[in-house]
Amino acid sequence: MERSPNFSRRRLIATGPGALAIVGLTGAPRVAAQAAAPGPPAQAKPLPAYVAWKDADSLIVHTPTTIETKRTALGSSGITPADRLFVRNNLAAPDVSIVANREAWQVAVEGVRQPRTLTVAELKTLGLETVAMVLQCSGNGRGYFPSKPAGTKWQVGAAGNVIWSGVPVRAVAESLGGPSAGMRFITSTGGETLPAGIDPKTVIVERSVPISALQDALLAWEMNGEPVPHAHGGPLRLIVPGYSGVNHIKYIKRLAFTVDQTDAAIQATRYRIAPLGTKESPALPAVWEMEPKSWINSPAPEAGSVRRGWVQIHGVAMGGMQAPRRVDISLDGGKTWREASFIGANMGRYAWRPFVLQAQLQPGTYVMASRVTDSQGRVQVETTEDNVGGYLNSGWRAHAITVNVA
Ligand SMILES: Nc1nc2c(c(=O)[nH]1)N[C@H]1C(S)=C(S)[C@@H](COP(=O)(O)O)O[C@H]1N2
Ligand SMILES: [Mo]
């Protein structure tokens, strides 16, 4: 490690109501706010039982249903391991017993000429494809919006790059005679048990995407070479390459070609791009396709100051719907830019690619930003307009980091 050991080994720990302590390598806690209540320091929130198999040191537990990957755990090899991948549930996940017999899981396919319910075992006879895709929560980066929208204050780690295998949705549709005439959307429903006594429309995880997504969408049973973990939607998950997180329905139990979008709240009045001061409504754009976006993972501002000399500035860049073509780095808050190099394999248009810029840094404070350009020449925006839900923040300025070099 090139970072100052003294700083990097310190941790911020909440020790009681209103108290923050900085713990050094050797010393007792230095209390930075009011006097701490006596007793052991509170630890970071533990992993909930359904994801106890994950690597706790790589994750930030915001709540039991919103768990983020630390920037320092995103790595530089391009793929995000399952035990580091973020988790986001809108409802409590179904019981883990649903993965006891994966082959028997059923999905009802509707809105085709010959509607039918198919098991995973049957789906496996219809086709096989694999795609590397950035799985990114629609709210990733929400924590950087100035209006502080309600919802989890995700930074960069509600995202990972994952390899999915399964059957193309188009092959499934073709085997059932193709979508019925006039269908414009693919509407998918999650397999959660809905809480009793609540209007199902307000809580059901059901999303519609334009039927054009049929081209690349998969019903996936494998993730990074393993059966899709229950927490990530096993036995079967819809993958809509290039689309943001909420559209990839986990434990999918129904896939329907529909004329209209579902009127479930998660589609109609949530996950809409609503300008500040307005209300999310079906008339506003849905949160669907992702945009070109990149950020720096190292040096991580969370890790403290960096030693002068050669520094490998690295991060990840994605195009959303198109492959990333180049990444530029600024060390002066966007005044000047230098081209970075991609490292590792090109995993296709829906994947992210790690990049690196080697820089010799003198002591000082640097505002480091990265900016990706996709294969069509589309450039990452400087600023994503703030919106009520805090969705799709891709702006390079908001994702810039301040790094002290000593
Ligand atoms: N059935 C179901 N699918 C779902 C969700 C959910 O709550 N239920 N959450 C969505 C959201 S908002 C995101 S960001 C991703 C998160 O995927 P992950 O938990 O595998 O990381 O799943 C999406 N698919
Ligand atoms: Mo999400």
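The values are calculated or read from the model by the stated rules, or taken from the named source; none is laboratory data. Only a predicted model underlies this, so the values are computations on that prediction, with no experimental measurement involved. Cβ coordinates were reconstructed from backbone atoms using ideal geometry, including for glycine residues, and neighbour counts include every protein chain displayed. Ligands, DNA and RNA are stripped out before the accessible areas are found, and what is left, the full protein with its side chains, is counted by its heavy atoms. Shrake-Rupley method; radii C 1.70, N 1.55, O 1.52, S 1.80 Å.
May I ask you to list the residues in region 177-191 that are touching a residue at least 40 places away in the same chain (Cβ under 8 Å) and surrounded by fewer than 19 Cβ atoms within 10 Å (Cβ to Cβ)?
Residues satisfying the conditions are 177, 178, 180, 182, 184.
Considering only region 111-120, state which residues are out of contact with any helix residue (DSSP H, G or I) (no Cβ under 9 Å at 6 or more places or on another chain) and either within 16 Å of ligand 2 (Cβ to nearest atom) or polar (S, T, N, Q) (or both).
Result: 117, single match.
Within the set of pairs 6+ apart or on separate chains, which have a first residue in region 329-344 that is farther than 15 Å from residue 298 by Cβ, a second that is part of a strand (DSSP E or B) and of a type in the set (Asp, Glu), and C-beta atoms under 9 Å apart?
From residues that are farther than 15 Å from residue 298 by Cβ, the pairs are 337/328; 338/328; 339/328.
Within region 222-240, track down each residue that is closer than 21 Å to residue 84 by Cα and within 16 Å of ligand 2 (Cβ to nearest atom).
Once the filter is applied, which keeps residues that are closer than 21 Å to residue 84 by Cα and within 16 Å of ligand 2 (Cβ to nearest atom), region 222-240 yields 231, 232, 233, 237, 238, 239.
Return the residues of region 234-256 that are touching a Pro at 6+ places or on another chain (Cβ under 7 Å) and within 7 Å of ligand 1 (Cβ to nearest atom); say none if nothing qualifies.
Answer for region 234-256, where residues must be touching a Pro at 6+ places or on another chain (Cβ under 7 Å) and within 7 Å of ligand 1 (Cβ to nearest atom): just 251.
Which condition number does residue 162 fail, the rest of (1) modelled with pLDDT of 95 or more; (2) more than 17 Å from the chain's Cα centre (by Cα) being met?
Going through (1) modelled with pLDDT of 95 or more; (2) more than 17 Å from the chain's Cα centre (by Cα) one by one, residue 162 breaks only (2).
Within region 141-161, track down each residue that is open to solvent by less than 10 Å² (accessible area, probe 1.4 Å) and within 16 Å of ligand 1 (Cβ to nearest atom).
141, 149, 154, 156, 157, 158, 159, 160, 161
For every residue, the table says whether it meets (1) under 27 Å from residue 389 (Cβ atoms); (2) of a type in the set (A, V, I, L, M).
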site: 153; (1), (2): yes, no
site: 213; (1), (2): yes, yes
site: 224; (1), (2): no, no
site: 232; (1), (2): yes, no
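Would you tally the residues in region 247-274 being under 20 Å from residue 108 (Cα atoms), open to solvent by less than 50 Å² (accessible area, probe 1.4 Å) and of a type in the set (Val, Ile, Thr)?
Counting residues in region 247-274 that are under 20 Å from residue 108 (Cα atoms), open to solvent by less than 50 Å² (accessible area, probe 1.4 Å) and of a type in the set (Val, Ile, Thr) gives 4.
Would you point out which residue out of 372, 405 is open to solvent by less than 60 Å² (accessible area, probe 1.4 Å) and closer than 15 Å to residue 295 by Cβ? Please lay out each step first, then the result.
Working: 405 fails: closer than 15 Å to residue 295 by Cβ.
Selected residue: 372, the only one of 372, 405 that is open to solvent by less than 60 Å² (accessible area, probe 1.4 Å) and closer than 15 Å to residue 295 by Cβ.
Mind listing whichever residues of region 147-191 are of a type in the set (Val, Ile, Thr), within 16 Å of ligand 2 (Cβ to nearest atom) and assigned to a strand (DSSP E or B)? Before the answer, list the steps.
Just the residues of region 147-191 that are of a type in the set (Val, Ile, Thr), to begin with: 152, 156, 162-163, 167, 169, 172, 186-187, 189.
Okay, now just the ones that are also within 16 Å of ligand 2 (Cβ to nearest atom), so 152, 156, 162.
Residue satisfying the conditions is 162 alone.
Can you tell me which condition residue 377 does not meet? The list is (1) small (Gly, Ala, Ser); (2) touching a strand residue (DSSP E or B) at 6+ places or on another chain (Cβ under 7 Å); (3) open to solvent by less than 50 Å² (accessible area, probe 1.4 Å); (4) part of a loop (DSSP other than H, G, I, E, B), and all the others hold.
It is condition (2) that residue 377 fails.
Counting only residues that are among the hydrophobic types (A, V, I, L, M, F, W, C) and open to solvent by 20 Å² or more (accessible area, probe 1.4 Å), which one in region 304-322 is farthest from residue 337 (Cα to Cα)?
Keep residues of region 304-322 that are among the hydrophobic types (A, V, I, L, M, F, W, C), which gives 306, 310-311, 313, 316-318, 321.
With open to solvent by 20 Å² or more (accessible area, probe 1.4 Å) added as a condition, the list becomes 310, 321.
On the way: 310: 18, 321: 24 Å.
The selected residue is 321.
Can you tell me which residues in region 257-281 are charged (D, E, K, R), more than 24 Å from residue 319 (Cβ to Cβ) and in contact with a Pro (Cβ under 9 Å, 6 or more places away or on another chain)?
263
Considering only region 106-120, how many residues are in contact (Cβ under 8 Å) with a residue 60 or more places away in the chain, open to solvent by 10 Å² or more (accessible area, probe 1.4 Å) and either within 16 Å of ligand 1 (Cβ to nearest atom) or within 29 Å of the chain's Cα centre (by Cα) (or both)?
3
Please enumerate the residues belonging to region 192-229 that are within 14 Å of ligand 1 (Cβ to nearest atom), surrounded by fewer than 20 Cβ atoms within 10 Å (Cβ to Cβ) and in a strand (DSSP E or B).
Answer for region 192-229, where residues must be within 14 Å of ligand 1 (Cβ to nearest atom), surrounded by fewer than 20 Cβ atoms within 10 Å (Cβ to Cβ) and in a strand (DSSP E or B): 222, 226, 227.
Taking the conditions exactly as written (in a strand (DSSP E or B) and crowded, with 21+ Cβ neighbours inside 10 Å), does residue 367 satisfy them or not?
Taking the combined requirement at face value, the residue does not satisfy it.
Within region 121-140, track down each residue that is of a type in the set (A, V, I, L, M, F, W, C), touching a helix residue (DSSP H, G or I) at 6+ places or on another chain (Cβ under 6 Å) and more than 16 Å from ligand 1 (Cβ to nearest atom).
Across region 121-140, the qualifying residues are 121, 126.
Give the residue that is surrounded by the most Cβ atoms within 10 Å (Cβ to Cβ), with candidates limited to residues of region 86-97 that are more than 11 Å from residue 229 (Cα to Cα) and more than 12 Å from ligand 2 (Cβ to nearest atom).
Of everything passing the filter in region 86-97, 93 is surrounded by the most Cβ atoms within 10 Å (Cβ to Cβ).
Given the options 397, 349, 353, name the one that is of a type outside the set (A, V, I, L, M), open to solvent by 40 Å² or more (accessible area, probe 1.4 Å), touching a Phe, Trp or Tyr at 6+ places or on another chain (Cβ under 6 Å) and touching a residue at least 60 places away in the same chain (Cβ under 8 Å).
Exactly one of 397, 349, 353 is of a type outside the set (A, V, I, L, M), open to solvent by 40 Å² or more (accessible area, probe 1.4 Å), touching a Phe, Trp or Tyr at 6+ places or on another chain (Cβ under 6 Å) and touching a residue at least 60 places away in the same chain (Cβ under 8 Å), namely 353.
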